[in-house]
Amino acid sequence: MTATLEQAVGPNFGFGLYVHWPYCARICPYCDFNVYTNKESGADALVTAICADIRQHRQALSAHRTLDTVYFGGGTPSLLKPQNIYKILQTAAETFGIKRDAEITLEANPNNISHDSCAAWADIGINRLSIGAQSFNDTALGFLGRDHNAATARSAVNIASEQFQNISLDMIYARPGQSLAEWEQELASALELATPHLSLYELTIEAPTAFGKRVARGELTPLKEDDQADLYELTQAICDAAGRPAYEVSNHAASTAFQSRHNQVYWSSGDWIGVGPGAHGRLTYDHQRLATLAERRPGDYIKRIATGTGGAQTALSNLDIARELVAMALRSEQGLDVTRLPALTYPTPSDAQIEAVKQNGLLQQQGYHLSLTQSGRLLADHIAAELSP
Ligand code: SF4
C-alpha cells in the first residue's frame, strides 16, 4: 500500500482552531507578535470577520472532522467581550463542531481577571486559562513594560483558581542582568500558586521591537548565552523538584492531563486553522499541506475576508513538511516517530546520524521513537537540523 501525506501530517494528528485577537491595552517593549493598541470601536467588525473566516475555511475543509482544541491567543483576547468570544465559539461549533471534551483556552491578562469575568468565561465554554503573569517581581514587571504588578498577578491566579482547574502561568526569564538567585525567587513565587501548568520562556530580543532598538543603540545588553543556559538548567531542576517537569522545551505540567493539547497539535504536525489578523495555519487536504497566513493589519484582514479570498496560502514541499515535522516533534517529550518520514518520501534518519547525537547524551531512542533528553532540549533546533532530511 502506498503511504500518503495524511499518514505523516494532518488532522489525524490533531485538529485545532487558533483565534488571534491582535489588541492589547499597551504594547510591551519585547513583543514581536502582530499587536496593536486596543480599539474598542473596531472590535465587533473584527469578530464578524473572524466568524466569516471560519465559515470560509469550512468550505475548503469539507472532510475535516470535529475540532479537538480552540485557542484564543494574541494580543490580549481577554479584552474581548464574553459575548464576542461566544459568537466565535458558536461559529466554530456550527461549522466544524467542537468535541465535547475539547480543550478551549483563553490567554488572559491579570488585569482582566475578576470573579465576574471568570464566571462569564466558564459559562461560555472556556475550560483553560493561560495567564500572562511574566514575573512576580515589580521591578522586573516595570522593565518588561507590563501593565500589572505582582500583587495583581497573584490575586488574578487565586481568583481564576476558584473557577478553573486547568490554569497555565506564563513567565519570562533570562532578562538582561537577571541573576540565578533572582530567577529562583520569581520561580518559587510562581510555583507557590500551584497552577498545574507553567510556560517558562527565555526572553528573546528581536530587532524590530523597542528592546531590539535599545540593544542596537547600545543601551541594553542581552544576557550571555552561557548565563541563559545556567538559568535554563536551574529552571529544570526547580521544576522537577516541584513536580512540574518539562514536557517540551518551555512547557511544564503537573501531569499529562494538564499538558497543552492545543500546542500538541503544533508539535505533532496536526492541522490547525488560524483566524484573525496575522494568524498562521497548517491545513492538509487534496494531497497538499498548506501554510496559511492571514492579512496582518486588522483593517486589511476585514476587507480581505469580505471579498471571500481569505489570506495567503502556500503549498509546502515534502522537504519543508519533513523538516517541520522533525523540528516540531523533537520539542516535546512525545518525540519523533521516524516511521512518519517515508510517507513524505524521505528516509528515516540513519543509524550513524542517530548515534552521533545519542553519544552526546542529547537523544534517547525507543524503537521507532526519538526524543530529546533534558540537555538535548536546550539544543533542540540544532539537533533537529542534524536529524532532518
Ligand atoms: S500583552 Fe502580550 S501580546 Fe500584548 S504587547 Fe504585551 S507581550 Fe505582546
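A few notes on this one:
- Candidate set from segment 228-281 (those that are over 23 Å from Ile167 (Cα atoms) and of a type in the set (S, T, N, Q)); member that is surrounded by the most Cβ atoms within 10 Å (Cβ to Cβ): Ser269
- Criterion: modelled with pLDDT of 95 or more, more than 22 Å from Leu283 (Cα to Cα), within 16 Å of the ligand (Cβ to nearest atom) and aromatic (Phe, Trp, Tyr) - qualifying residue of Tyr18, Tyr30: Tyr30
- Qualifying residue in segment 65-77 (condition: within 16 Å of the ligand (Cβ to nearest atom) and surrounded by fewer than 22 Cβ atoms within 10 Å (Cβ to Cβ)): yes
- Positions within segment 136-146 being within 14 Å of the ligand (Cβ to nearest atom), at negative phi and under 22 Å from the mean Cα position of the chain (by Cα), in sequence order: Leu141, Leu144, Arg146
- For Glu192: the one exception among (1) surrounded by 14 or more Cβ atoms within 10 Å (Cβ to Cβ); (2) free of Cβ contacts under 8 Å to residues at least 12 places away in the same chain: (1)
- Put simply, of Asp32, Asp44 the only residue that is touching a residue at least 12 places away in the same chain (Cβ under 8 Å), within 19 Å of Ala279 (Cα to Cα), in contact with an Asp or Glu (Cβ under 8 Å, 6 or more places away or on another chain) and not β-branched (Val, Ile, Thr) is Asp32.
- Criterion (at pLDDT below 95 and not acidic (Asp, Glu)) met by exactly one of Leu67, Leu61: Leu61
- Residues of segment 282-312 satisfying the condition of being surrounded by fewer than 15 Cβ atoms within 10 Å (Cβ to Cβ) and closer than 12 Å to His57 by Cα: Gly308, Thr309
- A search for C-beta distances below 6 Å between a residue of segment 125-152 that is more than 16 Å from Gly75 (Cβ to Cβ) and part of a helix (DSSP H, G or I) and any residue that is within 13 Å of the ligand (Cβ to nearest atom) and among the hydroxyl-bearing types (Ser, Thr, Tyr), counting only pairs 6+ apart in sequence or on different chains, returns Leu141/Ser135.
- Close contacts from segment 213-227, counting a first residue that is within 15 Å of Pro29 (Cα to Cα) and a second that is of a type in the set (S, T, N, Q) and modelled with pLDDT of 95 or more, with Cβ to Cβ under 8 Å and a gap of 6+ residues or different chains, come to Val215/Thr221.
- If you go through segment 330-346 and pick out every residue that is assigned to a helix (DSSP H, G or I) and either under 17 Å from Gln288 (Cβ atoms) or over 17 Å from the mean Cα position of the chain (by Cα) (or both), you end up with 6.
- Of all the residues in segment 1-45, those that are part of a helix (DSSP H, G or I), touching a Lys or Arg at 6+ places or on another chain (Cβ under 9 Å) and either on the phi > 0 side of the Ramachandran plot or aliphatic (A, V, I, L, M) (or both) number 2.
- Thr95 over 20 Å from the mean Cα position of the chain (by Cα), closer than 30 Å to Leu283 by Cβ, away from the ligand (no atom under 16 Å from the Cβ) and assigned by TED's automatic domain parsing to the domain that holds Arg214: yes
- For segment 151-171, filtered to residues that are of a type in the set (A, V, I, L, M, F, W, C) and away from the ligand (no atom under 16 Å from the Cβ), the residue that is surrounded by the most Cβ atoms within 10 Å (Cβ to Cβ) is Ala160.
The values are calculated or read from the model by the stated rules, or taken from the named source; none is laboratory data. In this text, all values refer to a predicted model and were calculated from it rather than measured experimentally. Virtual Cβ from ideal backbone geometry, glycine too; neighbours counted across all protein chains shown.
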